Amino acid sequence: MNKIKSTLTLLSLSLTTSFAQVGQPFIHDPSTIVECDGKYYTYGTGGGGLISEDGWTWKSGAERPGGGAAPDAMKIGDRYLVIYGATGGGLGGGHNGRILTMWNKTMDPKSPDFKYTEAIEVAASDGLEDNDAIDPGLLLDPTTGRLWVCYGTYFGTIRLIEIDPNTGERVKGNKELDIAIDCEATDLIYRDGWYYLLGTHGTCCDGVNSTYNIVVGRSRTVTGPYIDNVGRDMYHGGGRMVIAAGDGVTGPGHFGRYIIDEGIEIMSCHYEADYAQGGRSVLGIRPLLWKNEWPIAGESFKGGTFEIESERRGYALELAVDFVRQNVQRAGGGFGFGGGGNSNTPVTPIENQKLEEVIGTWPTENIPVRIGDYMFRPHQRWTITPVAEAGGFLGGAYCKIVIEGTERALAATADLELTTVSEFTGADEQLWRIEQATDGTYRIMPKAIPGQEGLNTKYVLYSIADSTPTLAEWDFSTDNSKWNLRAH
């Protein structure tokens with residue numbers, strides 16, 4: 001039994017050696033992730049792409065005709081629009097690029113409705129002008145309903161055009177506009193009155209030697225100018241860093257944004273090289289945070305031992321057990337207030353209370369939880385570990401949450417309350433979805449609620465009072481829904 005547990009732990013920890021997804025996440029120049037009939041799709045250079053049932057484990061199988069490079073995809077109404085560069089980028093026809101659009105009713109190649117429309121050219125470059133028509137990115141402006149495309153590479157400028165969201169054709173009379181230089185694989189997003197231009201800077205296609213990173217500028221109008229955090233125009237080479245190499249992966253490029261829920265967003269990209277995957281180009285998904293109205297990649301959750309701290313008051317999630325005092329005499333004279341003591345007395349550090357000193361006082365059956373002052377005590381220290389065999393969600397693996405040094409696991413109950421069971425069994429109500437919100441706090445959500453069908457996408461760990469945790473609906477507007485993970 002212990003050998004099995006050790007093996008599962010090693011499998012779980014292996015998920016955290018890089019920020020890439022699991023399965024066969026091998027792709028280059030991925031499109032923004034699109035959801036269709038409960039599955040997730042992303043398309044890459046060469047015509048193929050990836051499919052995921054849960055957003056965590058990926059495999060090949062997405063289909064896109066036309067070959068070419070660096071597609072993007074978007075759902076508009078009840079159809080899916082795909083846009084890609086037919087040549088360009090020094091491929092085949094050099095910098096003679098063409099941008100094409102096409103539609104499909106579904107992304108599922110096995111569906112009887114799966115059939116792409118004939119591709120339509122919306123932009124081109126002749127190989128001599130100061131632009132290369134490749135690497136398109138889509139933005140459907142939520143304020144106007146207008147559809148925009150940015151495209152281009154280091155070979156010249158990044159350009160902006162408008163296309164018709166009903167037909168996918170270039171808007172008649174629309175003139176391309178130069179908006180940036182010194183980047184490629186651009187994408188546009190909109191948030192709270194700002195338009196953001198995300199561009200991939202650096203060198204690509206050289207594996208572990210690629211220097212790709214993603215930078216951003218913003219504007220109050222979609223046509224720019226796009227200015228970075230220190231006032232530099234992206235048309236003159238500006239850009240604020242969003243994500244660079246780190247933690248075993250290098251060369252992040254081809255930004256995509258996906259909004260899961262209010263306050264819960266992820267960004268997709270590829271990593272030019274994942275050291276853990278032999279240097280292959282892989283799909284990456286990271287939390288997308290917003291800091292002072294600027295996008296920045298968060299850290300993928302990798303587990304550890306934490307105080308689970310309520311954003312509401314700052315109290316810690318803990319077992320509802322009797323507080324056991326530490327048998328340590330107060331130091332110093334003057335009733336322990338520090339005065340009158342001998343300054344030459346050696347200082348002896350105090351160790352934290354140990355699990356074995358208190359676990360015998362705890363009940364052996366289920367123990368409820370509460371919230372209280374954090375005191376470094378064993379009943380307040382939670383070890384969170386990804387569980388490899390439990391699958392995952394868009395951007396992460398399901399985790400178990402246990403008291404450090406034990407298998408006593410946090411669990412959801414049928415009446416939307418919380419308890420801890422004496423032994424982790426892998427039941428869905430003992431598995432937790434941990435997502436970093438756009439403000440840097442965390443949403444902690446049970447995989448399932450006993451007695452309810454399907455995955456839970458509604459109820460989260462929630463503080464209804466300073467000392468009372470429960471399960472309630474996610475509400476980004478209140479601190480009751482939010483938690484911090486402190487690695488004390």
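The values are calculated or read from the model by the stated rules, or taken from the named source; none is laboratory data. Owing to the predicted nature of the structure, the values given are computational and were not obtained by experimental measurement. So basically every Cβ, Gly included, is an ideal-geometry build from the backbone, and we count neighbours across all protein chains shown.
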Inset, instruction - Please specify each residue of segment 197-212 satisfying the condition of being within 16 Å of Gly152 (Cα to Cα) and surrounded by 16 or more Cβ atoms within 10 Å (Cβ to Cβ). - result: Leu197, Leu198, Gly199, Thr200, His201, Gly202, Cys204, Tyr212
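Which residues, taken from segment 453-488, are assigned to a strand (DSSP E or B), buried (at least 20 other Cβ atoms within 10 Å of the Cβ) and touching a residue at least 40 places away in the same chain (Cβ under 8 Å)? First the steps, then the outcome.
Residues of segment 453-488 that are assigned to a strand (DSSP E or B), as a first pass: 459-465, 468-473, 483-486.
Add one more test, that the residue is buried (at least 20 other Cβ atoms within 10 Å of the Cβ), and what stays is 460-463, 469, 471, 483.
Leu461, Ser463, Pro469, Leu471, Trp483, listed by residue number.
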Inset, instruction - Quick one: Gly173 ticks every box in (1) farther than 18 Å from Val149 by Cβ; (2) surrounded by fewer than 16 Cβ atoms within 10 Å (Cβ to Cβ) except a single one, so which number is it? - result: (1)
Inset, instruction - List the number of the failed condition for Lys110; all other conditions in (1) closer than 20 Å to Ile161 by Cβ; (2) more than 28 Å from the chain's Cα centre (by Cα) hold. - result: (1)
Legend entry - Which numbered condition Ile83 fails, given (1) part of a loop (DSSP other than H, G, I, E, B); (2) in contact with a Ser or Thr (Cβ under 6 Å, 6 or more places away or on another chain); (3) within 28 Å of Ser281 (Cα to Cα): (1)
Legend entry - Which numbered condition Ser467 misses (of (1) farther than 22 Å from Glu311 by Cβ; (2) modelled with pLDDT under 95): (1)
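From Pro446, Pro450, which residue is free of Cβ contacts under 8 Å to residues at least 40 places away in the same chain and either hydrophobic (A, V, I, L, M, F, W, C) or surrounded by fewer than 23 Cβ atoms within 10 Å (Cβ to Cβ) (or both)? Reasoning before the result, please.
On the way: Pro446 fails: either hydrophobic (A, V, I, L, M, F, W, C) or surrounded by fewer than 23 Cβ atoms within 10 Å (Cβ to Cβ) (or both).
Answer to the selection: Pro450.
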Legend entry - Conditions (1) modelled with pLDDT under 95; (2) charged (D, E, K, R); (3) within 21 Å of the chain's Cα centre (by Cα): number failed by Asp206: (3)
Inset, instruction - Can you work out which of the residues in segment 395-404 that are modelled with pLDDT of 95 or more and part of a loop (DSSP other than H, G, I, E, B) is farthest from Ala437 (Cα to Cα)? - result: Glu404
Inset, instruction - Return the only residue of Ile179, Ile161, Ile189 being over 23 Å from Arg240 (Cα atoms), at pLDDT 95 or above and in a strand (DSSP E or B). - result: Ile161
Legend entry - Cβ-Cβ under 8 Å pairs, at least 6 apart or on other chains, segment 352-366 side hydrophobic (A, V, I, L, M, F, W, C), far side in a helix (DSSP H, G or I): Leu355/Pro378; Val358/Pro378; Val358/His379; Ile359/Pro378; Trp362/His379
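If a residue has to be of a type in the set (Val, Ile, Thr), touching a residue at least 24 places away in the same chain (Cβ under 8 Å), part of a loop (DSSP other than H, G, I, E, B) and surrounded by fewer than 23 Cβ atoms within 10 Å (Cβ to Cβ) to count, how many in segment 142-158 make the cut?
From segment 142-158, those of a type in the set (Val, Ile, Thr) are 143-144, 149, 153, 157-158; that's our starting set.
Among the residues that remain, those that are also touching a residue at least 24 places away in the same chain (Cβ under 8 Å) are: 143, 149, 153, 157-158.
Then drop every residue that is not part of a loop (DSSP other than H, G, I, E, B), which leaves 143, 153.
In the following step, the residues that additionally are surrounded by fewer than 23 Cβ atoms within 10 Å (Cβ to Cβ) were identified as 143.
Looking only at that region, the number is 1.
Please verify whether Thr425 is in a loop (DSSP other than H, G, I, E, B), closer than 16 Å to Trp483 by Cα and assigned by TED's automatic domain parsing to the domain that holds Phe376, treating the condition exactly as stated. Walk me through it before giving the result.
On the way: in a loop (DSSP other than H, G, I, E, B): yes; closer than 16 Å to Trp483 by Cα: no; assigned by TED's automatic domain parsing to the domain that holds Phe376: yes.
No, not satisfied.
Just to be sure I understand, how many residues within segment 373-389 are surrounded by 19 or more Cβ atoms within 10 Å (Cβ to Cβ) and touching a helix residue (DSSP H, G or I) at 6+ places or on another chain (Cβ under 9 Å)?
Initially, segment 373-389 is screened for residues surrounded by 19 or more Cβ atoms within 10 Å (Cβ to Cβ), giving 377-382, 384-388.
Checking the rest, the ones that are also touching a helix residue (DSSP H, G or I) at 6+ places or on another chain (Cβ under 9 Å) come to 377-379, 381, 385-388.
Total meeting the criteria: 8.
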Inset, instruction - Determine, yes or no, whether Gly238 is in contact with a Gly (Cβ under 8 Å, 6 or more places away or on another chain), free of Cβ contacts under 8 Å to residues at least 40 places away in the same chain, surrounded by fewer than 24 Cβ atoms within 10 Å (Cβ to Cβ) and in a loop (DSSP other than H, G, I, E, B). - result: yes
